[in-house]
Every structure is written in C-alpha cells, then in structure tokens.
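The structure appears right after this line, and notes come after that.
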Amino acid sequence: MTGFELHTEGWLCLLPLVAYLYGSVPFGFLAAKLIKGVDIRTTGSGNIGATNAARVLGLKFFPVIFLLDVSKGFLPVLAAVLLASKGRFDPPPLAVGTGLGAILGHVFPLYLGFRGGKAVATSTGVFLALAPWAVLVAAAVWGLVFAVWRYVSLASMSAAVALAASLWFVQAEPLGAGLYVTVFAALGGLFVVYLHRANVGRLLKGTEHRIGRGPGR
C-alpha cells in the first residue's frame, strides 16, 4: 500500500465524526428561526424535526426539511460505502459506524446543547444507503399505520420495528454482511421507540395529537 493510500484510509476513520457534525445541523430549528423567528424547541412537541417544523411553518416546508434530515444519514453513509470499498476497510462496519454518528448527531446535536430530534428521517437516510429495500417495507408500514390511525409517532415507531424485522427475516442487503446491518437496525429501532416514550404515554392516555383529527379519539 502506498503512502497516499495509507493517508486516505486514515481519513476514512474520521467519517463517523464528520457524520456526527453534519447530523448535528438542525435544519428544522434553523428554518423556523430564519423564517418565523421562532425557537422550535418551545412550541408544539418541542422536537427539531420536520413534523414539528411543519406545525410552525406550514406543511409545504415538511418535504424540504424532511429530505434535508434524510440527507444527514444518507450522504455520509453512502460516502463510507463507496470510499471503503476502494480501500482495505470493510464497508459494513465503517458504514454502520458512520450511520451511528449521523443518528447521534441528530439526537444529540453539538450546536443545540445536545438536545435534538427523534432520528426518524436521519435513520431513514442511513438505511436508504445500507438497505433501500428494507426502507420500502418500512415506508409501506408507515403509510398503512398513518392512514388508519393518523398518528405520526405510532407510524414512525411501527416503521422502525418493521425495518428491523424485515432485515432479520431476510438477512440480505446490498453490502452482503447482514449481521452488522441487522443488529444496527434492531438497536436503532429500540432507540427510536425509546425516543418516542413520551408519545407512547400520550397514546396510552388517548391524548396524542392526530393529524387532521386533533388529540384522542
């Protein structure tokens, strides 16, 4: 291996850190602050994600903010896969580590005192790069649950579980190393559910907000 290759692979070790820093960029918070002068953490659910941002800014801003949050997971992980495959790094571990960095950046953003979002969009981006077919399964489950019950939180938790379950049963994804990605998805699904624990409490009490119907039944 040449000195240039060693130097390049040394930089690859920094990809999880780069992913964390990019994941920390609070697009929902910035949009609400710049457009309406509102601190999104003090209104609605207090979340910095696209759903709460849409409550402040209107639904037309949801797709843009959601896609930006998706990019926080997708772009770093895709870079990890492509760059590692050209060197001596094993792509799955580096890609998973990079994905974890992106998710932790969104949930514990450096720029907002480590108080962030619930990582649904960012996790979607991570797995779009790791196992896009599993994301399609999760998206179908999200759509079905939301169409029936109109709870974004319930749909998001159901999708996270569905993604992990689909990888567990099929254990086949583009990187050819299902164990890394499957375990990551399982732990990630549990983490998403944990981050929605307040929503779970409101769901059980019947006070969770329903899109288009208001709280409760």
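Nothing in this text is a laboratory measurement; each read-out follows from the coordinates by a stated rule. Keep in mind that this is a model prediction, so the values were computed, not measured. Backbone-built Cβ (ideal geometry, glycine too); neighbour counts: all protein chains shown.
For the chain, how many pairs of lysine residues have a Cα-Cα distance under 30 Å, where the two are 8 or more positions apart or belong to different chains? Eligible lysine pairs with Cα atoms under 30 Å apart amount to 11.
Here each label is just a point 7 Å from Cα along the line to Cβ, and for Arg55 and Val183 those points are 3.7 nm apart. Determine the shape class of the chain: with a ≥ b ≥ c the square roots of the Cα gyration tensor eigenvalues, call it rounded for a/c under 1.5, and otherwise prolate if a/b is greater than b/c, oblate otherwise. Here the chain falls in the oblate category.
The Tyr194 and Leu112 beta-carbon pair, evaluated with R₀ = 25 Å, returns a calculated FRET efficiency of approximately 0.80. What FRET efficiency comes out for the pair Thr43/Leu14, r = Cβ-Cβ distance, R0 = 22 Å, nearest 0.05? Once the sixth-power term is evaluated, E becomes 0.05. With both labels modelled 7 Å from their Cα along Cα-to-Cβ, the Arg210 to Ala147 distance reads 1.7 nm. Taking every full run of DSSP H in the chain, the ones that stretch at least 18 Å from end to end by Cα along their long axis and average 1.6 or higher on the Kyte-Doolittle scale are 62-85, 132-149, 152-170, 178-195. The distance between label points at Trp168 and Leu34 comes to 4.1 nm (points 7 Å beyond Cα on the Cα→Cβ vector). Grab the DSSP H runs of the chain that are 4 residues or longer, score each as -39,500 (n - 2.57), total them, divide by all residues and round the 222 nm result to the nearest 500 deg cm²/dmol. The per-residue figure over the chain is -22500 deg cm²/dmol.
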